[in-house]
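These notes concern the structure reproduced below.
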Amino acid sequence: MTLWQCYVQGWKKYVDFRGRASRKEFWTFALGNLLIIILLTMGVSFGFTLVGNPYSVFYAGVAYTLFALATALPLLAVGVRRMHDINRSGWWFGGVYLAGIVSRLLNTILMEYASPETYVWMKITLGIALGWIPLLVMVFLCCQQSQPAPATQTRIVE
């Protein structure tokens, strides 16, 4: 498949969590969306700055948020299919999403109840434990070579 076909495949199967996705399909979709989101936010910010709007960063943030929300489910689907391609459960990829949600929840609790010194240290710790470590594990897993599908076991009944 060409790069364009790999990218479009991610959008066509945006809710398909069954099956497999090759390394090329996953990385083309993930890095393609990363490039688009960078160009989109820069373009929106630059465009609003050119016309003299003082809220250009706000509009860039809105564009970023809308695109990130639009690509969240397709990226999760292609990531789960990538995990299936290396014979792992899709929950390995879903764990990164869950770690982000838990991190934000704990951050909200810390903001409310922790002292400023504790908040700073816990935010750093949470960022590493629930942010960088799961992300690096996912990058490592998504770089693995495809594995053949496990043979299905059948029972012979006499």
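The values are calculated or read from the model by the stated rules, or taken from the named source; none is laboratory data. Worth saying up front: this structure is predicted, and the values here are computed from it rather than measured. Here Cβ is always computed from backbone atoms with ideal geometry, including for glycine, and neighbour counts include all displayed protein chains. For the accessible areas, the whole protein counts, side chains as well, though only heavy atoms, and no ligand, DNA or RNA atoms are used. Shrake-Rupley method; radii C 1.70, N 1.55, O 1.52, S 1.80 Å.
Roughly how much of Y64 is accessible, in Å² to the nearest 10, using a 1.4 Å probe?
120 Å²
On a 1.4 Å probe surface of the protein chains, which of V78, V62 comes out largest in accessible area, and what is the full order? Intermediate results must be reported in sequence, preceding the final value.
Numbers: V78 0, V62 55 Å².
Most to least solvent-accessible, the answer reads V62, V78.
Taking the alpha-carbon distance from K123 and a cut-off under 28 Å, which lysines remain once sequence neighbours fewer than 8 residues away in the same chain are dropped?
In chain and number order, there are no partners.
Residues with beta-carbon under 15 Å from that of F140, excluding F140: net charge, scoring Lys, Arg +1 and Asp, Glu -1?
That sum, taken over residues with Cβ under 15 Å, equals +2.
Starting from the Cα gyration tensor of the chain, take the square roots of the eigenvalues, sort them a ≥ b ≥ c, and report rounded, prolate or oblate (rounded when a/c is under 1.5, otherwise prolate if a/b is larger than b/c, else oblate).
Because a/c hits 1.5 or more and a/b fails to exceed b/c, the chain counts as oblate.
At 222 nm, what helix-only mean residue ellipticity would the chain give, in deg cm²/dmol to the nearest 500, using -39500 (n - 2.57) for each DSSP H run of four or more? Numbers along the way, then the final one.
Values: 6 runs with 113 residues, N = 158.
Result for the chain: -24500 deg cm²/dmol, rounded to the nearest 500.
Probe radius 1.4 Å, ligands and nucleic acids ignored: give me the carbon and sulfur share of the accessible area of the chain as a rounded percent.
Summing carbon and sulfur atoms, their accessible area is 71 percent of the total for the chain.
With all protein chains present and a 1.4 Å probe, how do I86, I36 order by accessible area, largest first?
Putting I86, I36 in descending order of accessible area: I36, I86.
Please report the accessible area of T118 (heavy atoms, 1.4 Å probe, ligands and nucleic acids excluded) in Å², nearest 10.
Approximately 70 Å² of T118 is accessible to the 1.4 Å probe.
Over the heavy atoms of M111, what accessible area does a 1.4 Å probe trace out, to the nearest 10 Å²?
120 Å²
So for T125, T41, what's the accessible-area order with a 1.4 Å probe, most first?
Values: T125 75, T41 30 Å².
Putting T125, T41 in descending order of accessible area: T125, T41.
Amide H neighbours of F17 under 5 Å, at least 5 residues apart or on other chains, H built in the peptide plane: list them.
HN-HN under 5 Å from F17: empty list.
Taking square-rooted eigenvalues a ≥ b ≥ c of the alpha carbon gyration tensor, is the stretch 34-102 rounded, prolate or oblate, where a/c under 1.5 means rounded and, failing that, a/b exceeding b/c means prolate?
prolate
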